[in-house]
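Only one structure is covered here, and it is reproduced in the block below.
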Amino acid sequence: MLNQFSRSELLLGQTGIEKLHAATVAIFGVGGVGSYAVEALARSGVGSFYLYDDDKVCLTNINRQLIATRKTVGRVKVEVMKERILEINPDAVVFDHRCFFGVETADTIDFSKFNYIIDAIDTVSSKLLLVEMATKAGVPIISSMGAGNKLDPTGFEVSDIYKTSVCPLARVMRKELKARGIEKLKVVYSKEPAMTPMDREELSCKSNCICPKDVQRNCSTRRQVPGSVAFVPSVVGLIIAGEVIKDLVIL
């Protein structure tokens, strides 16, 4: 019967669509990368979502985050993302959790509920912990490496973490994962050398942060605020979603 997923079914088949409807995906971080990944999964018919992010939409998110508009500035990101998913697919089940994933919150999450995990977090310690927890639970995970300070969306590729090169974040992750005995991790990364953001005081979030005051982290606490554009994190998010969909249909 004709429905909103009919065009996808022409390629994935009825069985593939049914697998997506039955799948539960957890997305940690719904910013520039995560929001586009979630959008693609929702439009592909994934049935259940768990969203984790502690942030609110900031004015400076509008240039690259799918959920950021003038109307959503100041709103909780996971709440906005949930509304968007349900506008696309009212039958989806969405659990939105406004929290920062770290040692304080990790034990409150039941990883056995997930069929797949997307790591779109920008904090190294949280990324490492998430990969450890996913590996321990036996849940497939895909992780986004550095997308900030880059301009070439065609340079991103899917690889195992131990086959990556150039990317500084991937280098740190390789070393730390090896020390933890984790033998593999699917990632999306780029060999493009990161640019150095221009030092413009009037554009500096370090001294002029306009993020909502009740967020746990804001730009003034960051070591460096990265530059970003609309066409890089979005591509990373879509690549990640494609990998998740292919893996879920094949599994």
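The values are calculated or read from the model by the stated rules, or taken from the named source; none is laboratory data. Because the structure is a prediction, the values reported are computed rather than measured. Note that we place each Cβ from the backbone using ideal geometry, even for glycine, and neighbour counts take in every protein chain shown.
Some notes on this structure:
- Looking across region 82-123, the residues that are closer than 23 Å to Val235 by Cβ, in contact with a helix residue (DSSP H, G or I) (Cβ under 6 Å, 6 or more places away or on another chain) and not in a loop (DSSP other than H, G, I, E, B) come down to Ile85, Ile88, Tyr116, Ile117, Ile118, Asp119.
- For Ser143, the stated conditions hold: it is in contact with an Asp or Glu (Cβ under 6 Å, 6 or more places away or on another chain), crowded, with 18+ Cβ neighbours inside 10 Å and not hydrophobic (A, V, I, L, M, F, W, C).
- Residues located in region 176-201, provided they are hydrophobic (A, V, I, L, M, F, W, C), closer than 19 Å to Ile121 by Cα and not in a loop (DSSP other than H, G, I, E, B): Leu177, Val187, Val188
- Test result for Gly32, crowded, with 20+ Cβ neighbours inside 10 Å, more than 15 Å from the chain's Cα centre (by Cα) and at pLDDT 95 or above: no
- Among residues of region 129-138 being under 16 Å from the mean Cα position of the chain (by Cα) and over 23 Å from Ser234 (Cα atoms), the one that is surrounded by the most Cβ atoms within 10 Å (Cβ to Cβ) is Ala134.
- Scanning region 17-27 for residues that are more than 15 Å from Gln65 (Cβ to Cβ) and either buried (at least 24 other Cβ atoms within 10 Å of the Cβ) or hydroxyl-bearing (Ser, Thr, Tyr) (or both) returns Thr24, Val25, Ala26.
- Subset of region 153-173 (residues that are among the aromatic types (Phe, Trp, Tyr) and without any contact (Cβ under 8 Å) to a residue 60 or more places away in the chain): Tyr162
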